[in-house]
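Report on the following structure.
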Amino acid sequence: MPAHDVLIIGAGLAGQRAALAAAQQGASVAIMSKVHPVRSHSVAAAGGINAAISVDDDWRSHAYDTVKGSDFLGDQDAIEVMCSEAPQEVMELEHMGVTFHRNDRGEMDLRAFGGASMKRTAYVADITGQAMLHVLYEQLMKHHETVERYEEWFTTSLLTDDAGNCCGVIARDIRTGSLEIFKAKNVILACGGAGQAYRPTTNGLIVTGDGISMAYRIGAPLMDMEMVQYHPTCLVETGMLITEGARGEGAHLLNANGERFMEKSAPNKMELASRDVVSRAEQIEINEGRGVGPDGAGIYLDVTVVPRKRTLEALREIVNLGRDFAGVDITREPIMIRPGQHYIMGGVKTDIDGRTPIEGLYAAGEVACVSVHGGNRLGANSLLDTLIFGRRAGEHAAARAAGMAPPEMDANSQLKRDAEELEEIIARPRDGRRVSEIKNDLGDTMNKHAAVFRDEEGLNSALETIHRLREESGKAWIDDRGTVFNQDVLGAIELGFMIDCAETTVVAAIERKESRGAQYRTDFPERNDEEWLKHIDLTLKDGEPEVSYSEVTFTQWQPEVRKY
Ligand SMILES: Cc1cc2nc3c(=O)[nH]c(=O)nc-3n(C[C@H](O)[C@H](O)[C@H](O)COP(=O)(O)OP(=O)(O)OC[C@H]3O[C@@H](n4cnc5c(N)ncnc54)[C@H](O)[C@@H]3O)c2cc1C
């Protein structure tokens with residue numbers, strides 16, 4: 001039975017950074033991923049990573065922008081850590097081999113991004129995540145003697161001992177179907193977000209909230225789950241992302257009258273206001289009949305105002321995306337976009353070292369909620385979050401492991417429980433609904449009722465639907481009854497994870513009776529600091545999410561009216 005000091009679930013940027021940090025501390029490390037590590041969703045990150053690198057910049061300015069972007073819900077101690085450590089972290093990545101774009105003077109080039117008071121986004125064209133992920137993977141290969149890789153292994157649940165401490169996982173080898181116990185002194189969850197609980201989403205098929213749900217199921221609290229980011233520029237047909245880098249390079253947003261409507265809601269920052277503000281402004285144009293396209297459901301993103309040479313150099317992936325998925329040459333004509341689900345600010349509640357309230361369990365990256373993003377994440381702050389808190393979690397877990405004995409517990413009953421669950425799914429009669437149908441219903445429901453605008457009636461109806469879908473998912477059938485690469489059975493497990501994420505999102509959105517950041521309640525349209533300047537925490541109790549609150553941490557910046 002494998003046993004490790006630090007077992008990391010997830011090999012995106014957060015997981016790989018954690019593995020590297022833990023290995024450098026001398027821990028015995030393993031990293032597990034349900035896909036090959038460089039296919040982790042971090043590979044899709046496009047526009048860049050924020051750091052106050054410029055000589056004219058200061059990390060405090062980055063921190064203030066982040067606090068304001070969060071609509072004052074972000075914890076300022078965590079934001080200070082992230083922003084002050086950012087320049088060193090980005091330089092370190094460059095030294096490892098990430099080829100960040102350089103300007104004519106040979107300095108690292110920085111582009112403008114939403115909600116930032118100056119240019120501070122380092123980038124590799126519009127493939128920044130891919131460039132970073134591949135370099136980190138090379139670094140992990142260097143540490144192959146101390147870092148074990150379980151590639152294409154699917155974690156089904158977290159192991160706990162009698163005291164409720166986390167001490168490993170149960171996982172299925174996707175290639176063979178065998179189920180095994182992995183013991184560990186510490187487990188770091190780096191499983192990414194839960195975008196697939198929505199339809200459409202910019203997130204890939206593998207982003208199904210596994211880590212959030214697995215932590216929740218063993219009693220870890222989730223925080224800020226109501227805060228779901230809709231990105232302002234997603235393709236109308238498919239929901240695919242056009243990076244904010246396009247607006248950073250100067251692209252305009254236009255309504256059906258050809259107006260740059262951002263003048264109304266963000267006269268200073270215009271298209272580069274924070275994402276919640278821009279998405280709402282777009283949705284208002286669409287709802288009030290000034291949208292573009294056959295049914296007025298879109299907005300024009302006009303990249304033609306950016307010099308063509310620059311677009312071809314700095315935004316080449318979205319040139320390809322526009323051509324291949326919308327039939328539009330963005331260097332010559334505007335492309336139709338709309339707001340689309342993109343990111344979840346909430347997740348497993350942690351401290352600034354990635355620790356959750358469950359001993360032995362850490363979380364970092366999109367799965368976690370530190371909370372540096374609060375009510376709204378600034379573009380290019382997520383890659384930073386993955387690296388800073390991935391590294392810190394790796395270091396802390398390695399140090400903790402050094403002072404402890406290997407966990408002693410009998411995990412056979414938990415192994416048996418997971419094995420029986422998988423067998424039961426595979427054996428289901430083919431007479432209920434299919435897993436994929438239920439998943440589609442879930443995504444449509446969330447996109448209808450827990451999107452840019454929300455109200456009590458819609459949220460209650462979403463909750464009712466989610467409860468029904470949970471029932472149905474218990475009988476949902478699959479086609480594949482084999483053991484080798486049976487993605488079907490894993491899809492059924494993932495559906496359960498997504499339902500947990502959807503339920504907690506909606507419960508928290510019902511609870512928060514105000515509008516802040518990404519949560520805009522049409523029935524409570526004002527921000528209400530007196531009653532709601534606090535985090536909503538959700539813990540699983542008797543099968544239901546139990547609501548409690550925690551304080552927002554303030555250091556230097558008091559809440560103020562948020563204008564762009
Ligand atoms: C299209 C797109 C563009 C983006 N662009 C930017 C950008 O320019 N800048 C920015 O800051 N942010 C950007 N983001 C957001 C950012 O990319 C993500 O938030 C971040 O990469 C998440 O990294 P992560 O390491 O937390 O998780 P991921 O990269 O999603 O990795 C999750 C890992 O967990 C593993 N895993 C999950 N469940 C299981 C399980 N049950 N068993 C085993 N393994 C499991 C997966 O295999 C994977 O290895 C973008 C997001 C998208 C969708």
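Residues are listed down the side, and each one gets a yes or a no for (1) in contact with a His (Cβ under 8 Å, 6 or more places away or on another chain); (2) open to solvent by 50 Å² or more (accessible area, probe 1.4 Å); (3) free of Cβ contacts under 8 Å to residues at least 60 places away in the same chain:
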| residue | (1), (2), (3) |
| --- | --- |
| Glu464 | no, yes, yes |
| Gly474 | no, no, yes |
| Gln487 | no, yes, no |
| Leu490 | no, no, no |
| Glu514 | no, no, yes |
| Gln519 | no, no, no |
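When we screen Arg428, Arg470, Arg433 for residues that are of a type in the set (D, E, K, R) and in contact with a Ser or Thr (Cβ under 9 Å, 6 or more places away or on another chain), the only hit is Arg433.
Of note, Ile212 does not satisfy the criterion of being open to solvent by less than 10 Å² (accessible area, probe 1.4 Å), within 28 Å of Leu110 (Cα to Cα) and out of contact with any Phe, Trp or Tyr (no Cβ under 6 Å at 6 or more places or on another chain). The set of residues in the stretch 233-246 that are assigned to a helix (DSSP H, G or I) and more than 8 Å from the ligand (Cβ to nearest atom) contains only Ala246. Inside the stretch 368-382, residues that are touching a Ser or Thr at 6+ places or on another chain (Cβ under 7 Å) and within 9 Å of the ligand (Cβ to nearest atom) make up a count of 4. Scan the stretch 247-278 for residues that are polar (S, T, N, Q), open to solvent by 30 Å² or more (accessible area, probe 1.4 Å) and within 20 Å of Gly298 (Cβ to Cβ) and the total you get is 2. All conditions but one from (1) open to solvent by 10 Å² or more (accessible area, probe 1.4 Å); (2) assigned to a loop (DSSP other than H, G, I, E, B); (3) in contact with a helix residue (DSSP H, G or I) (Cβ under 8 Å, 6 or more places away or on another chain) apply to Tyr230; the one that does not is (2).
Evaluate the stretch 212-219: report whether one residue or more is within 12 Å of the ligand (Cβ to nearest atom) and under 13 Å from the mean Cα position of the chain (by Cα). Yes, there is a match, as at least one residue in the stretch 212-219 is within 12 Å of the ligand (Cβ to nearest atom) and under 13 Å from the mean Cα position of the chain (by Cα). Report, by residue number, each residue of the stretch 113-124 that is open to solvent by 20 Å² or more (accessible area, probe 1.4 Å) and in contact (Cβ under 8 Å) with a residue 60 or more places away in the chain. The answer is Met118, Lys119. The one condition from (1) in contact (Cβ under 8 Å) with a residue 12 or more places away in the chain; (2) small (Gly, Ala, Ser); (3) closer than 30 Å to Arg527 by Cβ that Ala419 does not meet is (3). Report whether or not Glu152 is open to solvent by 30 Å² or more (accessible area, probe 1.4 Å), away from the ligand (no atom under 12 Å from the Cβ), of a type in the set (D, E, K, R) and in contact (Cβ under 8 Å) with a residue 24 or more places away in the chain. No: the conditions fail for Glu152.
Taken over the stretch 107-137, residues that are within 16 Å of Cys83 (Cα to Cα) and among the aromatic types (Phe, Trp, Tyr) amount to 1. For the stretch 160-196, a residue qualifies if it is among the aliphatic types (A, V, I, L, M), within 14 Å of Met1 (Cα to Cα) and buried (at least 24 other Cβ atoms within 10 Å of the Cβ), and the qualifying residues are Val169, Ala184. Against the list (1) assigned to a strand (DSSP E or B); (2) open to solvent by 10 Å² or more (accessible area, probe 1.4 Å); (3) in contact with a helix residue (DSSP H, G or I) (Cβ under 8 Å, 6 or more places away or on another chain), the condition Val348 fails is (2). Against the criterion of being open to solvent by 10 Å² or more (accessible area, probe 1.4 Å) and closer than 30 Å to Glu317 by Cα, Leu110 qualifies.
Residues that are within 28 Å of the chain's Cα centre (by Cα), small (Gly, Ala, Ser) and surrounded by 24 or more Cβ atoms within 10 Å (Cβ to Cβ) do not occur anywhere in the stretch 425-440.
The values are calculated or read from the model by the stated rules, or taken from the named source; none is laboratory data. What you see is a predicted model; the values in this text were computed from it and never measured. With ideal geometry, Cβ positions are generated from the backbone for all residues, glycine too; neighbour counts draw on all protein chains shown. The protein model used for the area step is the full one, side chains on, heavy atoms only, and it has no ligands, DNA or RNA in it. Shrake-Rupley method; radii C 1.70, N 1.55, O 1.52, S 1.80 Å.
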